[in-house]
Amino acid sequence: MKEFPIFKTKIENFSKKFNFLNPQEEKEYFLTKAGKEIEKLKNFLEKNTFIVYLVGKKNSGKGTYSKMFSQFFPSNYLSHLSVGDIVRQAENEMKDPNKREDLLNFLEKYYRGFSPLEEALRVLMNRDAGQLLSLELVLALLKRAILKEGRKTLFIDGFPRNLDQVSFSLFFRDLINFRDDPDIFVLVDVPESVIEERIRWRRICPQCQTPRNLKLLPTKTVGFDEEKKEFYLICDLCQKRMVPKEFDDLGLEPIRERLQNDQLMMERILSLHGIPKIFLRNSIPKDIALNYVDDYEITPEYFYEYDNSGKKVIIKERPWVIKDDQGRESYSLLPQPVLVSFIHQLVKVLNL
């Protein structure tokens, strides 16, 4: 796949550093680096809408970017629709006698497919068997979710899901009667090494299920297991020792086929004509990174030292260096500068 362009967020002769952990400073950061563009988008969205297809590998941060983007606008302006969440919700509704009838009534009216609806629903309820959910059912469920939201700007995450669905996405706005809306593919490029580290170092609280990451997003308190000689996170909410999710130690292997499929789909979309594309890039080669971004825009990696005499853990940080998919030492970027690049590109695509 061709390499995505590098977007420059660095402002020459501007030295202020912003602390993204401080909501006010994060807001000031966006106003400094994309304030004019955000204002143009606000004016546009008062009377108009658009459709974004978020396309990227699993765990590439698509939901993070759309959620962060939505903070600039009234909640009735846009919606993030995750096809995975929509399917899981439908599965739960089928198990709930109080909600099942409403779902079935909708599907009986709008489902169109080569398999009987009963067969499509059987696959939905038995997805562990390895059968693929029919595209026709996915489209019907997505249509239902969109009707519930009303006419808004849509960030659709998880559609298209495979190569067969790409052609459907080209005419999706017509199918849902958003005939005058611009539609845009947003392609998210994240090195596999970043996805691997996010998975391997992920930790969750066994009580409240809050997620964190031992390397990338620690809790306020970190413990040290003297018997196992390993550091662990302590949940900020429950004060419980956080644990790895099952199979996270396998890294990418359980999702390797999915990642390969995502890669093929992105390559296919790159060759499409007639629909604009926005390129979001998570990493920049280390030797040129500071020509394009400020140091505080680089993802920090957290590491720990144990003070045996004081029986305490010292938390330290450094710029996170990873290998990109071409094998080059690179810095991974925080979501904020990636979103700045999205905002600038979106304004250009919409001709604002």
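The values are calculated or read from the model by the stated rules, or taken from the named source; none is laboratory data. Remember, it's a predicted structure, so these values are computed and weren't measured experimentally. Positions of Cβ are backbone-derived with ideal geometry, glycine not excepted, and every protein chain shown enters the neighbour counts.
A few points about this structure:
- Applying the criterion of being among the polar types (S, T, N, Q) and part of a helix (DSSP H, G or I) to the residues of the range 246-275, the residue that is surrounded by the fewest Cβ atoms within 10 Å (Cβ to Cβ) is Q260.
- So L147, is it within 22 Å of Y77 (Cβ to Cβ), out of contact with any Leu (no Cβ under 9 Å at 6 or more places or on another chain), at pLDDT 85 or above and not basic (K, R): yes
- Taken over the range 318-352, the criterion of being among the polar types (S, T, N, Q) and assigned to a helix (DSSP H, G or I) is satisfied by Q336, S341, Q345.
- The residues of the range 35-59 that are polar (S, T, N, Q) and in contact with a helix residue (DSSP H, G or I) (Cβ under 7 Å, 6 or more places away or on another chain) amount to a single one, N59.
- Contact map, the range 327-352: residues that are within 22 Å of D287 (Cβ to Cβ) and in contact (Cβ under 8 Å) with a residue 60 or more places away in the chain paired with residues that are of a type in the set (D, E) and in a helix (DSSP H, G or I), Cβ distance under 8 Å, separation 6+ or inter-chain. Pairs shown: L334/E297; P337/E297.
- Search result, residues across the range 313-328 that are more than 21 Å from V188 (Cβ to Cβ) and either surrounded by 16 or more Cβ atoms within 10 Å (Cβ to Cβ) or out of contact with any Asp or Glu (no Cβ under 8 Å at 6 or more places or on another chain) (or both): V313, I315
- All conditions but one from (1) closer than 20 Å to V293 by Cα; (2) assigned by TED's automatic domain parsing to the domain that holds Q71; (3) modelled with pLDDT under 95 apply to P5; the one that does not is (2).
- Applying the set (1) of a type in the set (D, E, K, R); (2) over 25 Å from I269 (Cα atoms); (3) out of contact with any helix residue (DSSP H, G or I) (no Cβ under 7 Å at 6 or more places or on another chain) to K67 leaves exactly one unmet item: (2).
- Hits in the range 189-245 - residues which are assigned to a strand (DSSP E or B) and either more than 19 Å from the chain's Cα centre (by Cα) or not assigned by TED's automatic domain parsing to the domain that holds V338 (or both): T221, V222, G223, F224, D225, E230, F231, Y232, L233, I234, R241, V243
- Exactly one residue out of F106, F44, F73 is at negative phi and more than 27 Å from the chain's Cα centre (by Cα), and it is F106.
- Any chance L154 is in contact with a helix residue (DSSP H, G or I) (Cβ under 9 Å, 6 or more places away or on another chain), among the aliphatic types (A, V, I, L, M) and modelled with pLDDT under 90: no
- Summed over the range 279-301, residues that are part of a strand (DSSP E or B) and surrounded by 19 or more Cβ atoms within 10 Å (Cβ to Cβ) total 6.
- Residue check, F69 within 25 Å of Q263 (Cβ to Cβ), touching a strand residue (DSSP E or B) at 6+ places or on another chain (Cβ under 7 Å) and surrounded by 12 or more Cβ atoms within 10 Å (Cβ to Cβ): no
- Pick from the range 156-173, criterion assigned to a loop (DSSP other than H, G, I, E, B) and surrounded by 18 or more Cβ atoms within 10 Å (Cβ to Cβ), ranking: nearest to the chain's Cα centre (by Cα): G158
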